1. Give segment 214-227 a look and list any residue that's in a loop (DSSP other than H, G, I, E, B) and exposed (fewer than 15 other Cβ atoms within 10 Å of the Cβ), or say none.
2. Which one of these is closer than 20 Å to residue 165 by Cα, β-branched (Val, Ile, Thr) and modelled with pLDDT of 95 or more: 106, 80?
3. When only residues in segment 185-198 that are charged (D, E, K, R) and surrounded by 14 or more Cβ atoms within 10 Å (Cβ to Cβ) count, which is nearest to residue 148 (Cα to Cα)?
4. What is the residue count in segment 115-130 for residues that are touching a Pro at 6+ places or on another chain (Cβ under 9 Å) and surrounded by fewer than 18 Cβ atoms within 10 Å (Cβ to Cβ)?
5. How many residues does segment 1-58 contain that are surrounded by 11 or more Cβ atoms within 10 Å (Cβ to Cβ), at positive phi and without any contact (Cβ under 8 Å) to a residue 60 or more places away in the chain?
6. Return yes or no: is residue 208 at pLDDT 95 or above, surrounded by fewer than 13 Cβ atoms within 10 Å (Cβ to Cβ) and more than 30 Å from residue 113 (Cα to Cα)?
7. Looking only at segment 131-180, count how many residues are loosely packed, with under 15 Cβ neighbours inside 10 Å and among the charged types (D, E, K, R).
8. Given the criteria charged (D, E, K, R), within 14 Å of the chain's Cα centre (by Cα) and more than 26 Å from residue 196 (Cβ to Cβ), does residue 30 qualify?
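The values are calculated or read from the model by the stated rules, or taken from the named source; none is laboratory data. Values in this document were obtained by computation on a predicted structure and should not be read as measured data. Cβ placement follows ideal geometry from the backbone for every residue including glycine, while neighbour counts extend to all protein chains displayed.
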Amino acid sequence: MLYRAQDKAGTSRLGYAESVDGVHFTRRSEPVFSPEKDYEKDGGVEDPRLVEFGDTYYLTYTGYNKKDAQLCLATSKDLIHWERRGVILPAYKGKWNVRWTKSGAIVPEKIGGKYWMYFLGTSRDNNDQMGLASSTDLLLWTEATDAPVLPARAGMFDARVVEPGPAPVVTPKGIVLVYNGADDKLVYRTGVAVFDRNDPRRVISRTDTPIFAPEKEWEKVGQVPNVVFVEGMVRKGERYLFYYGGADANVGVAEAPVLAPK
């Protein structure tokens, strides 16, 4: 597991932990990814998302210098030693997103000869919404739509924020993306969207009610209250394990059964 942790000055780094059962983890004593570049200094490195192609891990993360946040990329063969690939979607230069860029969830296989990535951007109405970018080499990315691919919905659990979670799961019936939504009070809950298997731009369905919400005390009270924020997901036998942040203070795991397609 890669996880984000902050020091007393509020600078974020990524730690590394291992587990044999997916629940009980042992942490390395030192971080494996720390801020170095100007676009990471002081604020740090945040929002890690992982996907593997061949023998290479691709890490999307937010570089934050306490002024701007931008979506960045690094690669590794072992999850310990990383090579920075730079900012892949710069802030303030989007087609519809006019502020920061964050949280890149890469689809784990090519579709239509391209790689695809869902990401967070901010529209002119100050809502954080989900965009889509494409690439031919996983290193150079360009926005694929002129508007959010998954917009915020007034009056619903994702009225204020629609942010990608873990890497999507590609199934015969569609691209399944777990995402993080926040309402107007900035309570974060979890939703699911399904995109067309052959066209990642087209939404087939999305949940009208959240599938996961803050319930435990440590999900309701912390650095940022009332938050469950899913960033990792793995299949273990006949269940999925979801790794998430609770109130920006703890890392938790939840599980759900693998359901047969209808």
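1. Passing the criteria: 215, 216, 221, 223, 224.
2. Only one candidate passes the filter, namely 106.
3. Ranking the candidates gives 196 first.
4. Of the residues in that region, 0 qualify.
5. Total satisfying the criteria: 3.
6. So residue 208 passes the test.
7. Going through segment 131-180 one residue at a time, the tally reaches 3.
8. Answer is no for this residue.
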